[in-house]
Amino acid sequence: MKSFSFMRLSLWVYLAIFFAYLLGPLVIMSATAFNSPSFPRMTPWECLTFEWFAALFRDERILNGIWNSILVGAGTVVLSVAMGLAGALMLTQIWPKLRATYYTIIIAPILIPGVVLGISTLVFWDRINRMLGLGADSWLSNGLFLTIIGQSTFIASYCMLVLVARLQRYDTALTEAALDLGATHAQAFRKVLLPFMRPAIASAAVLAFLASFENYNTTTFTFGEYPTLTIELAQKVRYGITPAISALAFIIVVLTVIAALANEASIRRKELVAAARQKATVEELESGRLRLPGFLSSNAAAVALVVVACATVAVVGTASVYSPAQCIADVQEQKRLETEQRIQELRRQRELRRQEQLEQQGGSPAPAPSAPATGGSSGFGGVFAPGNLSGGGEDGAEAEQDPQDSGAGSSSGFGGAFDPGNLSGGSDDSSSGN
C-alpha cells in the first residue's frame, strides 16, 4: 500500500515538473506582455498595462508578416495535403516488395535539414526559370511560390504519415461493394473513401498549417519580398525586442487554447449525445421527446471554454477603460529618487575614502614634485620641465639674462634639446667628466 502511494506521489511530482518545464516559459512570456518596462521581464513588477497590445497592432511589419504567413500556410496546406493523400494511397496500392523503398523515399525530406531544402529549392527553380527564358520578376521567382514549394517538400511527408495511419483502418471491401453496385472509381473515392478520410485530412491540414506558420530554416532562403512572421521576428530580435512580441505570443497561446477546448468540447458532446441515444427507448426516439444533454452538462471542456471566453472578454473590456499613466509616472518618480539616493551614497563613500587617505598620510599635503635640474644629464635638457611652458619662475629669468650660456640652460622652452653637443657627445661637460 505504501509503495502504491509512493508511486502515485512520484507520478504527480513528475507530471508537475514536466508541465512546468513545458508550459513555464509560455506563462512567463505571456505575463511580460502586461508589465510596463520596455524590455520583456516579469520581475520586478511595475505597472499593469495593455499598451504593448496596441503597439503590436500598430507594427506594420508584424502585421504584414502575419498576413504573409497566412497566405503561405494556406498554399502549403492545399499542396501538402494533396501530395500526402496521394502518397498514402500509393503506399497502399504499390507492390508489397517495393513499399519499404517507397516509404523511405517519401520520408527522406523529413530527415534533410531545412537549410538544405531552402537552398536547393531556390537554386532549382532559378535554373528552371532561366531555362524557360523568364525574367527575374516571373512567378517562378516569386517569394510566395518558392516558400510554398520549399515548405511543402517536407510538410507533405508529415501529412502522409497522418493519412496512412487513418487509411490502415479502412476496409477495402467498401470500395469493392461500391464498384459492384455500378459506381465508378471516382465516385467510390468521392463518396466512400473521402468521407472516411475526412477527420485525418482535417488533422493533416492543421498540422501542415502550424508547421508552415512556424517554419524558419527553409523560409529564410525563399521568402524574397514576402517575409513571414518568423522572419520578421528574427530580424527584430537582432535589434532588440519589446514586450509587443510577448503580446503576440499571448494572443497565439489564447487562440490555441480556445481552439483546443472547442474541439474537445465538441467531441465530448457528440459522445454524450450518442450515449443518450443508446439509452433512449424506441418511443422516445420515434416521438422525438428524447432529452439530449446540455452543452455544459458533464462536459468539463465546455465549462473551461466558457471560463476562458469570459476571461478574454473581461481582459478586453478592462483594457478599453484602464489607463496606467499615473502608475507609470509614480514608478518613474520612484526611480528618479532612488537614482538620486544612489548618487548621494556614492559621493558620501568617495568623501569617506578621501578622508581616510588623508588620515593615513598624517594630515599633511602631498609633497610637490621637485623641479628638474637646469641642464640635466639627459640629451633633452629641460624640455619636459613644467616651467618651460608657463614662462615664469627664476630659471626663466636667469635664462633671459644670459641667452648664450648653453651650458647652464637655454632660454628656449626646449632647454638644451637642440644643442649639437648632445648628439655628438663632444661637449665640454662630457670631456670634463672623462
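Within region 129-150, the residues that satisfy the criterion of being surrounded by 13 or more Cβ atoms within 10 Å (Cβ to Cβ) and of a type in the set (A, V, I, L, M) are Leu134, Leu140, Leu144, Leu146, Ile148, Ile149. Could you check, for region 216-233, whether at least one of its residues is surrounded by fewer than 18 Cβ atoms within 10 Å (Cβ to Cβ) and at pLDDT below 90? Within region 216-233 (the criterion being surrounded by fewer than 18 Cβ atoms within 10 Å (Cβ to Cβ) and at pLDDT below 90), the answer is yes, since at least one residue qualifies. None of Ile119, Ile110 is among the hydrophobic types (A, V, I, L, M, F, W, C) and either free of Cβ contacts under 8 Å to residues at least 40 places away in the same chain or open to solvent by less than 60 Å² (accessible area, probe 1.4 Å) (or both) except Ile110.
Is it true that some residue in region 290-301 is part of a helix (DSSP H, G or I), surrounded by 14 or more Cβ atoms within 10 Å (Cβ to Cβ) and out of contact with any Gly (no Cβ under 6 Å at 6 or more places or on another chain)? Scanning region 290-301 turns up at least one residue that is part of a helix (DSSP H, G or I), surrounded by 14 or more Cβ atoms within 10 Å (Cβ to Cβ) and out of contact with any Gly (no Cβ under 6 Å at 6 or more places or on another chain). From the list Ala244, Ala275, the one residue that fits, being touching a helix residue (DSSP H, G or I) at 6+ places or on another chain (Cβ under 6 Å) and in a helix (DSSP H, G or I), is Ala244.
State whether one or more residues within region 21-40 are of a type in the set (S, T, N, Q), open to solvent by less than 30 Å² (accessible area, probe 1.4 Å) and in a helix (DSSP H, G or I). Looking through region 21-40, at least one residue is of a type in the set (S, T, N, Q), open to solvent by less than 30 Å² (accessible area, probe 1.4 Å) and in a helix (DSSP H, G or I). Answer yes if at least one residue in region 92-103 is over 22 Å from Glu232 (Cα atoms), in contact (Cβ under 8 Å) with a residue 40 or more places away in the chain and either surrounded by 12 or more Cβ atoms within 10 Å (Cβ to Cβ) or among the small types (Gly, Ala, Ser) (or both), and no otherwise. Within region 92-103, one or more residues are over 22 Å from Glu232 (Cα atoms), in contact (Cβ under 8 Å) with a residue 40 or more places away in the chain and either surrounded by 12 or more Cβ atoms within 10 Å (Cβ to Cβ) or among the small types (Gly, Ala, Ser) (or both). Considering region 168-212, and only residues there that are buried (at least 18 other Cβ atoms within 10 Å of the Cβ) and not aliphatic (A, V, I, L, M), the residue that is farthest from Tyr226 (Cα to Cα) turns out to be Phe209. With the condition kept exactly as written, say whether any residue in region 171-178 is touching a Gly at 6+ places or on another chain (Cβ under 7 Å) and either of a type in the set (Val, Ile, Thr) or modelled with pLDDT of 90 or more (or both). Checked region 171-178: no residue is touching a Gly at 6+ places or on another chain (Cβ under 7 Å) and either of a type in the set (Val, Ile, Thr) or modelled with pLDDT of 90 or more (or both). Considering only residues in region 302-344 that are among the hydroxyl-bearing types (Ser, Thr, Tyr) and open to solvent by 70 Å² or more (accessible area, probe 1.4 Å), the one that is nearest to Phe53 (Cα to Cα) turns out to be Ser320. If you scan region 56-87, which residues turn out to be open to solvent by less than 30 Å² (accessible area, probe 1.4 Å) and of a type in the set (Gly, Ala, Ser)? Listed by number, the residues that qualify are Gly65, Ser69, Gly73, Gly75, Ser80, Gly84, Gly87. Here Tyr239 passes the criteria (1) open to solvent by less than 40 Å² (accessible area, probe 1.4 Å); (2) farther than 25 Å from Leu85 by Cβ except the one numbered (1).
Quick one: is Ser266 at pLDDT below 85, of a type in the set (Gly, Ala, Ser) and either surrounded by 13 or more Cβ atoms within 10 Å (Cβ to Cβ) or assigned to a helix (DSSP H, G or I) (or both)? The answer is no for Ser266.
The values are calculated or read from the model by the stated rules, or taken from the named source; none is laboratory data. This structure is a prediction, so every number in the text was calculated from the model and none was measured. Ideal geometry is used to build each Cβ from the backbone, glycine not excepted, and the neighbour counts take in all protein chains shown. Each accessible area value is taken on the protein alone, full model and side chains, heavy atoms only, with ligands, DNA and RNA left out. Shrake-Rupley method; radii C 1.70, N 1.55, O 1.52, S 1.80 Å.
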